[in-house]
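The values are calculated or read from the model by the stated rules, or taken from the named source; none is laboratory data. Everything quoted here is computed from the prediction, not taken from an experiment. Every residue, glycine among them, receives a Cβ derived from its backbone with ideal geometry; neighbour counts consider all protein chains shown.
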Amino acid sequence: MNVIKRPYGVLGRVLGHSYTPVIYRELAGLDYRKFEREPDQLEVFVRSDVWEGFNVTIPYKKELVSYMDELSDIARRMGNINTVTRLADGRLRGDNTDYYGFKVLVESLGLDLAGKKAVVFGGSGGAGSTAMMVLADLKMNPVSIDRTGENSYANLDLHSDAALAVNCTPVGMFPTCPAAPCSLDVFPKLEGLVDIVYNPARTALMMEAERRGIPYAGGLLMLVAQAAQAVERYMGEVIDMERTVDVTRRLSATEQNISLIGMPGCGKTRVGEHLAKLLKREHVDIDQALANELGMSCAEFIERKGETAFRIRETEVLARIAGQSGLVISCGGGIVTRDENYPLLHQNSLIVMLDRPLEELATKGRPLTAKHGIEELAQQRMPIYRAWADLTVSSTDCAANTAAALMSALPPML
């Protein structure tokens, strides 16, 4: 007799794009699906036999507590659940693995923070209340920072002694990125930053911490860690931290864009096209996207309106495209002439410089190259290309081979 294996999944009202099916597949090979249900369908779903186990997301984390026969100690303390398992006797058990996921995120910083102050942006919300509980259990002194009330963004100076900053708000999440609830400048004693946002890979707060040399952690590790503990609840299989971190890294590499920079005429467009085919990704050429918007070629626009006007429009297009995920992006050669373009790329891209000998660069139809000359442009831009690049790949005999060489140099993906 064949036994039909029931799927696992996530229960919510409206479920858009989610990394979780991929995470559960990688962690434990689970058949993981989306269960979209309206409030009046909850009881039928919970009492049904169409699932083996499921996670719960907004808006049902508190509502489903009443359907549980048993709660874990953490779920009881938190007053909400995010994981439901069916016990051997058929009873339902509610648990909350967000607590563990956030704890892993804080501990990943490797800092001794006991006895020190933590400011939690959005600490009164659902995710924020979890963070407040975990930080208190870690012997820290958490303070919730909210829009109004005793501790708000208007009086952050009262907490200039904070050692840890935590963002539990959606500020900075795609598509409104990069953005931040505040600047970290007000916290001169800051030792670490945690941001539970996981898309983009680096939020504005994370990039600010990076500039200041402060350890930081993003929300993707929390997402994978809470899933790892949910697998333990579902199947009794313990997922070790090494595996959790490995899945996190590979998923991050998979979701981030690969953005190509380099001198005009070095082959970014053609290499990008070949690389996108190899990776089965969408390719976006910033110059072509801009030309489509302008209704004329970039060269023609520069000749008519000037380089300054062109650069402003280029940044606007880059801002709309670079926050997306999983693209191959070919940038114009002058993308590095505006400092504000770096965080737009860095937030969600592995930035790759294509290095090609100057004598091999194409110059036809490039007014800025004609105006300044290859050598002058190279002198101005090459140091910036190298500073921005996470990876440098030398041009080979053709675009296809360069793309293949680039692909072999990329970090492991899912």
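Restricting attention to the stretch 116-124, does a residue exist that is over 22 Å from residue 180 (Cα atoms) and either modelled with pLDDT of 95 or more or outside the structural domain of residue 184 (by TED's automatic domain parsing) (or both)? For the stretch 116-124, residues over 22 Å from residue 180 (Cα atoms) and either modelled with pLDDT of 95 or more or outside the structural domain of residue 184 (by TED's automatic domain parsing) (or both): present.
Taking the options 359, 375, name whichever one is within 16 Å of residue 395 (Cα to Cα), exposed (fewer than 14 other Cβ atoms within 10 Å of the Cβ) and at pLDDT below 90. Step through it out loud before you land on a result.
Numbers: 375 fails: within 16 Å of residue 395 (Cα to Cα).
Only one candidate passes the filter, namely 359.
Scanning the stretch 86-104 for residues that are buried (at least 22 other Cβ atoms within 10 Å of the Cβ) and either free of Cβ contacts under 8 Å to residues at least 24 places away in the same chain or assigned to a strand (DSSP E or B) (or both) yields 94, 95. Identify all residues within the stretch 1-49 that are part of a loop (DSSP other than H, G, I, E, B), exposed (fewer than 14 other Cβ atoms within 10 Å of the Cβ) and touching a Phe, Trp or Tyr at 6+ places or on another chain (Cβ under 8 Å); write none if there are none. Within the stretch 1-49, 31 is the sole residue that qualifies.
So which of 297, 330 ends up being hydroxyl-bearing (Ser, Thr, Tyr), outside the structural domain of residue 173 (by TED's automatic domain parsing) and modelled with pLDDT of 95 or more?
Working: 297 fails: modelled with pLDDT of 95 or more.
Of 297, 330, the one residue that is hydroxyl-bearing (Ser, Thr, Tyr), outside the structural domain of residue 173 (by TED's automatic domain parsing) and modelled with pLDDT of 95 or more is 330.
For the structure I just gave you, tell me whether residue 193 is more than 19 Å from the chain's Cα centre (by Cα), surrounded by 15 or more Cβ atoms within 10 Å (Cβ to Cβ) and outside the structural domain of residue 17 (by TED's automatic domain parsing). Taking the combined requirement at face value, the residue does not satisfy it. Condition (residue is outside the structural domain of residue 217 (by TED's automatic domain parsing), closer than 23 Å to residue 126 by Cα and acidic (Asp, Glu)) applied to the stretch 77-89: is it met by at least one residue? No, there is no match, as no residue in the stretch 77-89 is outside the structural domain of residue 217 (by TED's automatic domain parsing), closer than 23 Å to residue 126 by Cα and acidic (Asp, Glu).
The residues of the stretch 378-394 that are out of contact with any Leu (no Cβ under 6 Å at 6 or more places or on another chain) and assigned to a loop (DSSP other than H, G, I, E, B) amount to a single one, 389.
What residue, of 345, 318, 354, 350, is under 21 Å from the mean Cα position of the chain (by Cα), outside any helix (DSSP H, G or I), in the same structural domain as residue 262 (by TED's automatic domain parsing) and in contact (Cβ under 8 Å) with a residue 12 or more places away in the chain? Answer to the check: 350. Residues in the stretch 49-60 that are farther than 21 Å from residue 96 by Cβ and either modelled with pLDDT of 95 or more or acidic (Asp, Glu) (or both): 49 only. On inspection, residue 144 passes the criterion of being buried (at least 19 other Cβ atoms within 10 Å of the Cβ) and either outside the structural domain of residue 215 (by TED's automatic domain parsing) or more than 18 Å from residue 209 (Cα to Cα) (or both).
For every residue, the table says whether it meets (1) part of a helix (DSSP H, G or I); (2) over 28 Å from the mean Cα position of the chain (by Cα); (3) over 19 Å from residue 259 (Cα atoms).
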position: 293; (1), (2), (3): yes, no, yes
position: 296; (1), (2), (3): no, yes, yes
position: 301; (1), (2), (3): yes, yes, yes
position: 304; (1), (2), (3): yes, yes, yes
position: 308; (1), (2), (3): yes, yes, yes
position: 313; (1), (2), (3): yes, no, no
position: 324; (1), (2), (3): no, no, no
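For the stretch 326-342, taking the residues that are under 23 Å from the mean Cα position of the chain (by Cα), in a loop (DSSP other than H, G, I, E, B) and not acidic (Asp, Glu), the one that is surrounded by the most Cβ atoms within 10 Å (Cβ to Cβ) is identified as 331. Look at residue 244 and say whether it is closer than 30 Å to residue 87 by Cα, surrounded by 15 or more Cβ atoms within 10 Å (Cβ to Cβ) and touching a residue at least 12 places away in the same chain (Cβ under 8 Å). Taking the combined requirement at face value, the residue satisfies it. Yes or no: residue 185 among the charged types (D, E, K, R), surrounded by fewer than 23 Cβ atoms within 10 Å (Cβ to Cβ) and either within 28 Å of residue 115 (Cα to Cα) or under 19 Å from the mean Cα position of the chain (by Cα) (or both)? Answer is yes for this residue.
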